[in-house]
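Student: For reference, the structure I am asking about is given below.
Readers should treat all values here as calculations from the given coordinates under stated rules, not as data from a laboratory. Small disclaimer: the values here were computed from a predicted structure and weren't measured. Here the Cβ positions follow ideal geometry from the backbone for every residue, glycine too, while neighbour counts run over all protein chains shown.
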Amino acid sequence: MTFRAGQRVRVSPRAHRGHHRTPGYIKGKVGTVERVHGTFTNPETRSYGGDGLPEEALYLVGFEQGMVWPDYDRRDRIFVDVFEHWLEEAE
Amino acid sequence: MSDGHDHDHPHEPITSDGEPAAAARARALEALLVEKGIVTREDVRRGIDWLVSRSPADGARLVARAWVDPDFKSRLLADARDAALELGLDPGPSPVVEALENTESVHNLVVCTLCSCYPRALLGPPPAWYKSLPYRSRAVSDPRGVLHEFGVDLDDDVELRVHDSTADIRYLVVPRRPAGTDSLTEDELAALVTRDAMIGVAQPEAPVAA
């Protein structure tokens, strides 16, 4: 587990050909690790008949809605489960 | 009737007797999987039977127990799979089920923007709107507007937390216990807990006095 709860992380903005479970609306956005869920098989290989191994760390990442949607004017948050290889340390 | 478009190969009309295209595709996929020996028709039948045998009554039992038993609520919030097993309920195949508690200051809403992930074991099959593109896109970008359309208007000081089920975790909302329900039994309380309340688009209400 590279990241820990409370750490600021940025979701990689990269494109990805094929199945992946990182929604486009959080790509490039900065959020906070709320929890480490543990490790799970990787859907990007599992979905093509692979075994999904090695398992990857999965994090619950919280984002301020105003950081995700420019017009969002409340202090609400959105939480997304993101696999480790989509995250990088933010400042 | 013409087939409505022109191109350079002939084929039968794509639709058959009003069967939705997705159903026809699912049937074709099933036939292929059976032919290749990956699943049997019996596997598919058992899977469907399991799915339609599930009901939000199970989730409602978890919520009602949490309302009357604070220790159980703590265990439910810590590990909803274990809590379901404790009540003899089937938490399903997902490795992690997480219960999200609504409070005076926090309201939770669940969506799956990428497909239709849903705690089927505890809530049964998801409603059609949960799988619709408008819900999946607007629940993340305009969740207060979506809630308003469902008849839920949150106070300004309540934080709305949207949970997008993108991976292996399944989320279930524990709604707030309505006022005026102190005299109700656990079973009567469970009857107030709807599927929609456990998705986060409704708030349980006390029964109207007879």
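Student: Please identify, among B:58, B:157, B:69, the residue showing maximal mean-square fluctuation in a Gaussian network model of chain B using a 10 angstrom Cα cutoff.
Tutor: Comparing B:58, B:157, B:69 in the GNM, the peak value goes to B:157.
Student: Could I ask something else about it? Name the residue farthest towards the positive end of the dipole of the protein assembly as shown from the options B:135, B:26, B:158, assuming +1 on Cβ of Lys and Arg, -1 on Cβ of Asp and Glu, about the Cα centre.
Tutor: Highest projection toward the positive end goes to B:26.
Student: Please identify, among B:144, B:176, B:46, the residue showing maximal mean-square fluctuation in a Gaussian network model of chain B using a 10 angstrom Cα cutoff.
Tutor: In this elastic network of chain B, the residue with the biggest mean-square fluctuation among B:144, B:176, B:46 is B:46.
Student: Moving on to the next point. Using bins 10 angstrom wide from zero, how does P(r) for the range B:67-136 break down, in % of all Cα pairs?
Tutor: 18, 43, 33, 6
Student: On each of the three principal axes of the Cα atoms of chain A, give max minus min coordinate, whole Å, ordered largest first.
Tutor: 43, 26, 20
Student: While we're on this one: Determine the dipole magnitude for chain A: charges of +1 sit on the beta-carbon of Lys and Arg, -1 on that of Asp and Glu, nothing else is charged, the reference point is the Cα centre, and the result goes in debye to the nearest 20.
Tutor: Using only the charged Cβ atoms, the result is roughly 140 debye.
Student: Further question: Tell me, what is the Rg over Rh of the range B:152-210, with Rh the Kirkwood radius over Cα pairs? Intermediate results must be reported in sequence, preceding the final value.
Tutor: Numbers: Rg = 13.7 Å, Rh = 13.3 Å.
On the Cα set of the range B:152-210, Rg over Rh gives 1.03.
Student: Okay, next question. Could you tell me how many cubic angstrom of Cα convex hull volume the range B:73-210 has per residue?
Tutor: Once divided by residue count, the hull of the range B:73-210 is 124 Å³.
Student: If you don't mind, there's one more thing I want to ask. Please report, in debye to the nearest 20, how large the charge dipole of the range B:114-188 is about its Cα centre when each Lys and Arg carries +1 at its beta carbon and each Asp and Glu carries -1 there.
Tutor: With Lys and Arg at +1 and Asp and Glu at -1, about 520 debye.
Student: In chain B, which Cys residues have no partner Cys with a Cβ closer than 4.7 Å?
Tutor: So far as the 4.7 Å Cβ criterion goes, B:115 stand without a partner in chain B.
Student: Further, regarding this structure: Give the angle, between 0 and 90 degrees and rounded to the nearest 10, that separates the Cα long axis of helix B:21-35 from the longest principal axis of the Cα atoms of chain B.
Tutor: For B:21-35 against chain B, the angle is about 80 degrees.
Student: If you place +1 on the Cβ of every Lys and Arg and -1 on the Cβ of every Asp and Glu, how big does the dipole about the Cα centre of the protein assembly as shown come out, in debye to the nearest 20?
Tutor: Around 480 debye, computed over the protein assembly as shown.
Student: Can I ask one more? Please provide three numbers in whole Å: the alpha-carbon extents of the protein assembly as shown along the principal axes, with the largest listed first.
Tutor: 68, 56, 39
Student: Still on this structure: In vacuo Debye scattering of the range B:1-160, one point per C-alpha: log10 I(q)/I(0) at q = 0.09, 0.10, 0.20 Å⁻¹?
Tutor: Log10 I(q)/I(0), no solvent term: -0.48, -0.57, -1.37.
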